[in-house]
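Below is one structure, written out as structure tokens; the observations come after it.
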Amino acid sequence: MIENLRLSFQSIWAHKMRSFLTMLGIIIGIAAIIAIVSTIQGTNEEIKNQLIGAGTNTVDIYLMQNGYELSIYSSSEIPYGIPQVTDEAREAILALDTVANVTCYTERESLYEVVYYQDTEFNYPTIRGIDTSYFETVGYTIRSGRGFVESDYSNFRTVVIIDGTLADTYFPNEDPVGKTLEISGVPFTIVGVVTDSSDTSASISTISDYYTYLYDSYGYLYIPSACWPILYCFDEPQNVIVKAASTDDMEKAGSDAEDILNSLISSSQTDVKYSAQNLVEQARQLASLSSSTQTLMIWVASISLLVGGIGVMNIMMVSVTERTSEIGLKKAIGARKGAILGQFLTEAVVLTSIGGMLGVGAGIGMAYIINKISGTAVAISVPASAIAVLFSMVIGIIFGLMPSMKAANLDPIEALRRE
């Protein structure tokens, strides 16, 4: 085997340009496959991080009415039979093995709720009445000021926390903490500013993304849930956010919490139900779609490997013809068919293996070039790279077998007669 490898490298080095041109089809095919796999896997990871929340592991559980998220604008629109989340239900959700934390909140989109700072009207921020565990559950941090404390709830203090969007928009050159807002005519003192540590630039590719970004860009106001009745109504139904113990637990945590919450709803209420936002399933579906695209693109790239394999077969046929006398001499001094077959088959495998390794390197380079040009995420797959090199070796065996058998089956007398 060592002698066969030495002869293979010697033959390839003796015809460097011819060998490189022979390997080119293999290099292009392997490079295309590695670049495709790396780009698709990077995209899948990006999808998972953007949808699932890059480690926050939170699942939103919304009240849905006839398939649409329930939005409340006035007391007359509050549906019957939907109680607030009880302490018992909250404890039951926290007792789930898959749940690390849970928070409940009420919400109004302030289309009809006027928010003023001095003479400036805020541009439709969303108002949420939250409990003490909200910011911890969703992973928000206090940028300035403070969060809510127990006395804010027990003393019904009219205090408010705003998010970074509102702070940067309406207080660009000053600290908003201590300023007073009017929400529907009721003064609230700003005690803090919160920010989401995982905030990234918005990626808008669909109309749904556009509306999500549009509403988020208006900003959020947070008030203690105990103060909600000062502005709105008692016993308004709440949405829930659960924090799963891990990313893998998100789907089950959301489903189990959804069942507990729906058990609170009156059996006569058929229009409104709690529904967990299954981000894991969305990520899985998108990953499945991109995997289908990957498979199709790999089949297209495989055409280059087929062409490269035919090129290997062609050059090995030429090599056998050129070395006919050498083969005849080896047979004449006792070389067996297996030895001749092994020599030429080894040469074919070495040729394609070198092409495969060069292709892997070129593919990784192409993936990073794509990343630099288009910003597409890249994730280099070591198993895919190893499989690509092994596959190139298989190509060498398949397409080198016929020329090797031809060399092994040459008649030594006829071979020696040839010049």
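Brief remarks on what is shown
- Pick from region 36-80, criterion among the aliphatic types (A, V, I, L, M), modelled with pLDDT of 80 or more and in contact with a Phe, Trp or Tyr (Cβ under 9 Å, 6 or more places away or on another chain), ranking: surrounded by the fewest Cβ atoms within 10 Å (Cβ to Cβ): Met64
- Any hit, region 342-352, residues being closer than 12 Å to Ile30 by Cβ and surrounded by 18 or more Cβ atoms within 10 Å (Cβ to Cβ): yes
- Selection count, region 385-403, where residues are small (Gly, Ala, Ser) and within 19 Å of Ser19 (Cβ to Cβ): 3
- Count of region 129-186 residues which are basic (Lys, Arg) and in contact with a helix residue (DSSP H, G or I) (Cβ under 8 Å, 6 or more places away or on another chain): 2
- Filter pass, Gln282 being modelled with pLDDT under 85 and either assigned to a loop (DSSP other than H, G, I, E, B) or closer than 30 Å to Leu24 by Cα (or both): no
- Among the residues of region 221-273, the ones that are modelled with pLDDT under 90 and aromatic (Phe, Trp, Tyr) come to 2 in all.
- Residue identified as part of a strand (DSSP E or B), at pLDDT 75 or above and more than 17 Å from Leu261 (Cα to Cα) among Arg18, Arg108: Arg108
- Hits in region 1-15 - residues which are modelled with pLDDT of 70 or more, over 15 Å from Val318 (Cβ atoms) and exposed (fewer than 11 other Cβ atoms within 10 Å of the Cβ): Ile2, Gln10, Trp13
- Test: residue in region 323-334 that is touching a helix residue (DSSP H, G or I) at 6+ places or on another chain (Cβ under 6 Å), of a type outside the set (S, T, N, Q), open to solvent by less than 10 Å² (accessible area, probe 1.4 Å) and modelled with pLDDT of 75 or more: no
- For region 366-402, the tally of residues that are part of a helix (DSSP H, G or I), open to solvent by less than 80 Å² (accessible area, probe 1.4 Å) and free of Cβ contacts under 8 Å to residues at least 12 places away in the same chain stands at 3.
- Considering region 137-167, and only residues there that are out of contact with any Gly (no Cβ under 7 Å at 6 or more places or on another chain) and at positive phi, the residue that is least open to solvent (accessible area, probe 1.4 Å) turns out to be Gly139.
The values are calculated or read from the model by the stated rules, or taken from the named source; none is laboratory data. Remember, predicted model here, so these are calculated numbers, not experimental data. All Cβ positions, even for glycine, are placed from backbone atoms using ideal geometry, and neighbour counts span all protein chains on display. Just the protein is used for accessible areas: all its heavy atoms, side chains included, with ligands, DNA and RNA removed. Shrake-Rupley method; radii C 1.70, N 1.55, O 1.52, S 1.80 Å.
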